[in-house]
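A short worksheet on the structure shown next.
The values are calculated or read from the model by the stated rules, or taken from the named source; none is laboratory data. All figures in this text were calculated on a predicted structure; none of them were measured in a lab. Heads up, the Cβs are rebuilt from the backbone with ideal geometry, glycines too, and the neighbour counts pull from every protein chain shown. These area figures cover heavy atoms from the full protein model, side chains too; ligands, DNA and RNA do not enter into them. Shrake-Rupley method; radii C 1.70, N 1.55, O 1.52, S 1.80 Å.
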Amino acid sequence: MKTIRFVCILFSVAFSGVISSCDDGYEYYDGIYISSTLGITPTYTLNLDDDFPKVLDLTVASSKPVQNDVQIYLEAAPSLVEGYNQKYGTNYLPLPEQAYVLTHPVVTIKKGNFSTQENIQFKALSKDGFEIGESYMMPVTIKEISGGETVIEASRTIYIALHEIIVRSAVNLGSGGYLVTKFSENTMVDGIDLTSLSAVTFEIRCKIDRYLSDSFNGIMGLEENLAVRLSTYDGAGGRLEATGAGMGNISSGIPFPLNSWQHIAVTYEGDADGNGVLGIYINGEVSTIQEVIRKEDKMLVDLTERYGSLAPGYDYMIGNQVQSRYMNGAVSEGRVWAKALTQAEIRNNMCAVNPESDRLIAYWYFDEEGNTFADATGHGFTMGRYIGTLTYETVRCPED
């Protein structure tokens, strides 16, 4: 059997971050390899607060003791971000040059050793140059090596994703408050007709304090068109549901967590005949994806239409549906899109997005301490208190 000796990057983390991986499938070699790295693209997520620098320690290693000194040339590679985005459906920006440094970019594995001894570090130095709502990435890659060794491609590069920790005020609706806006006041946004959408996404971060018993607890949306709620009706136990337009009750199937901040996204994409796919995501994870059929008079989603006399003249509601189906809890980061976000887009932007994002119709931070909340997109869809007493609390995203 032919033996392939390769050099791979091993990692140790000197900050509070999240380790994940993107599965590329496996490549098979007629030789020896480290199976835990073969075919995997390592991605490290680093959450940035105001305490700098953040340090990631790197080690370059070989699968067997090298027979001669091997010199390795490392580099930060912002040009690889675009390829990562295309492959995984993300929208990272390259980390600004002034915000990081890579120490010891040239290192050596001494003859007879498995790994380098130099202190290689990737350091995030600051958030200088960051834009609100954007996420950043900096790949670090092996540019070249000496000594006749082979680099295995799956272990050539790590992708360091950096997300800013955002601390804001959030509005607590209590047990009888809710918020409303009027999409009917501006039915054309950037050439998009809000009365006939074939694809939408509703997003929000919320903390449910308690379920209202034997009821539907309205979270967001348009009653009898596309609405998102928690159900305790007939023993449902607090499961998350999407409903409306004859689609039935599309359910997550499990009780929604209480007393902790969760991100909810509901996506719909269909055709002019009402045949579509509805997805429910909790914290970026798929809860359910189902094919649905919207009834004849509501085949397309109309953001200006909902059923019911509650809050007359208003369209989109947060914290209620009809017939006093209130949500008991707090909300932050409410968004309405004229497209069905992908799972990667949802995961990448749970804490914030750029208010100028394509096909983002409305965006509410809910961080103003008053009774009205501005639309960050500039489209003018102010969200206002209809009834209830609002209180405020601090929310951190991500929380860990």
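Put simply, of GLY83, GLY176, GLY112, GLY147 the only residue that is among the small types (Gly, Ala, Ser) and in a helix (DSSP H, G or I) is GLY83.
Total residues in the stretch 342-374 satisfying the condition of being among the acidic types (Asp, Glu) and under 24 Å from TYR92 (Cα atoms): the figure is 3. When the stretch 90-144 is limited to residues that are of a type in the set (Gly, Ala, Ser) and touching a strand residue (DSSP E or B) at 6+ places or on another chain (Cβ under 7 Å), the one that is most open to solvent (accessible area, probe 1.4 Å) turns out to be SER115. For the stretch 38-79, the set of residues classified as β-branched (Val, Ile, Thr) and part of a strand (DSSP E or B) consists of ILE40, THR41, THR43, THR45, VAL55, THR59, VAL60, VAL70, ILE72, listed by residue number.
Restricting to the stretch 170-202, and then to whatever is among the polar types (S, T, N, Q) and either open to solvent by 30 Å² or more (accessible area, probe 1.4 Å) or within 30 Å of SER63 (Cα to Cα) (or both), can you tell me which residue is modelled with the lowest pLDDT? Among those that are among the polar types (S, T, N, Q) and either open to solvent by 30 Å² or more (accessible area, probe 1.4 Å) or within 30 Å of SER63 (Cα to Cα) (or both), it is SER175.
The residues on offer are GLN290, GLN321, and the sole one that is out of contact with any His (no Cβ under 8 Å at 6 or more places or on another chain) and in a strand (DSSP E or B) is GLN290. Applying the criterion of being in contact with a Phe, Trp or Tyr (Cβ under 9 Å, 6 or more places away or on another chain) and among the β-branched types (Val, Ile, Thr) to the residues of the stretch 43-99, the residue that is nearest to ALA154 (Cα to Cα) is THR43.
Looking across the stretch 233-267, the residues that are touching an Asp or Glu at 6+ places or on another chain (Cβ under 8 Å), open to solvent by less than 20 Å² (accessible area, probe 1.4 Å) and free of Cβ contacts under 8 Å to residues at least 60 places away in the same chain come down to GLY244, ALA245, ILE250, SER252. Only one entry of GLU296, GLU345, GLU305, GLU333 meets the criterion of being modelled with pLDDT of 95 or more and either of a type outside the set (Lys, Arg) or touching a Leu at 6+ places or on another chain (Cβ under 6 Å) (or both), and that entry is GLU333. Identify the single condition in (1) among the polar types (S, T, N, Q); (2) over 30 Å from ASN68 (Cα atoms); (3) open to solvent by 10 Å² or more (accessible area, probe 1.4 Å); (4) touching a residue at least 40 places away in the same chain (Cβ under 8 Å) that THR157 does not satisfy, given that it satisfies every other one. Here THR157 meets the rest and fails (2).
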